[in-house]
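Let me begin by presenting the structure, written as structure tokens, before commenting on it.
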Amino acid sequence: MRIKKYLRILFWTSFVTFALNKFYIRPWVLKNDLPYVFQISVLSLPNLIEAIMGTIVVTGLAFGAKRHLKRTIGNSSIYLISVALTAIYVIAQELGYHNMGGNNVYDPYDLTASVLGLLLMLGLFHGFGFSSEHQQDA
């Protein structure tokens, strides 16, 4: 499956941004006691990135399952199912139903960042598609 270039760029940019935020930006912002808006941003960014990267991975797996099982299901349905499955994981984690992502403390800004990432991905999938093999539904 050939994933569209914009998604490959988004995935790797998100990964690098996550690493930079974790090891350099967040410690610097917190150490220098910058204004609260910057602190919220660096603390909630991992949730946004988790939603973005998670949705890309789950959508790729869903298209792989579609191909393997030879099912006819529309791209829009796959996008919605993939975002919903990712939402269950990231929101359940944020609300404390599981702790598979590490030590988590509920924060409404983290929940907001997760939802924004999920909605962003749903919009991008519907607007630009996922792969050149899976063109937009007619």
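Could you check Thr112 against (1) of a type in the set (S, T, N, Q); (2) within 25 Å of Ala19 (Cβ to Cβ); (3) exposed (fewer than 13 other Cβ atoms within 10 Å of the Cβ) and say which number it fails?
If we test Thr112 against (1) of a type in the set (S, T, N, Q); (2) within 25 Å of Ala19 (Cβ to Cβ); (3) exposed (fewer than 13 other Cβ atoms within 10 Å of the Cβ), just (3) comes out false.
Mind listing just one residue for me: the one in region 91-117 that is in a loop (DSSP other than H, G, I, E, B) and small (Gly, Ala, Ser) and, of those, modelled with the lowest pLDDT?
Filtering region 91-117 for residues that are in a loop (DSSP other than H, G, I, E, B) and small (Gly, Ala, Ser), the one modelled with the lowest pLDDT comes out as Gly101.
Quick check on Ser14: is it assigned to a helix (DSSP H, G or I), under 30 Å from Glu133 (Cα atoms) and at pLDDT 95 or above?
yes
More than 21 Å from Ile3 (Cα to Cα), assigned to a helix (DSSP H, G or I) and not aromatic (Phe, Trp, Tyr): which single residue out of Ile81, Ile88 fits that description?
Testing whether each residue is more than 21 Å from Ile3 (Cα to Cα), assigned to a helix (DSSP H, G or I) and not aromatic (Phe, Trp, Tyr) leaves just Ile88.
Just give me the residues in region 1-36 being of a type in the set (Val, Ile, Thr) and either surrounded by 12 or more Cβ atoms within 10 Å (Cβ to Cβ) or in contact (Cβ under 8 Å) with a residue 40 or more places away in the chain (or both), in sequence order.
Ile3, Thr13, Thr17, Ile25, Val29
Being touching a residue at least 60 places away in the same chain (Cβ under 8 Å) and either open to solvent by less than 80 Å² (accessible area, probe 1.4 Å) or farther than 18 Å from Arg2 by Cα (or both) is the filter here; which residues of region 55-78 pass it?
Thr55, Ile56, Thr59, Gly60, Phe63, Gly64, Gly74, Asn75, Ser76, listed by residue number.
Considering each of Val29, Val58, Val42 in turn, give the residue that is assigned to a helix (DSSP H, G or I), farther than 28 Å from Phe130 by Cβ, modelled with pLDDT of 95 or more and within 18 Å of the chain's Cα centre (by Cα).
Val42
The values are calculated or read from the model by the stated rules, or taken from the named source; none is laboratory data. The structure presented is a predicted model; accordingly, all values stated were derived computationally and were not measured. Positions of Cβ are generated from backbone atoms using ideal geometry, with glycine treated the same way; all protein chains shown enter the neighbour counts. The accessibility values were calculated without ligands, DNA or RNA, using every heavy atom of the protein model including side chains. Shrake-Rupley method; radii C 1.70, N 1.55, O 1.52, S 1.80 Å.
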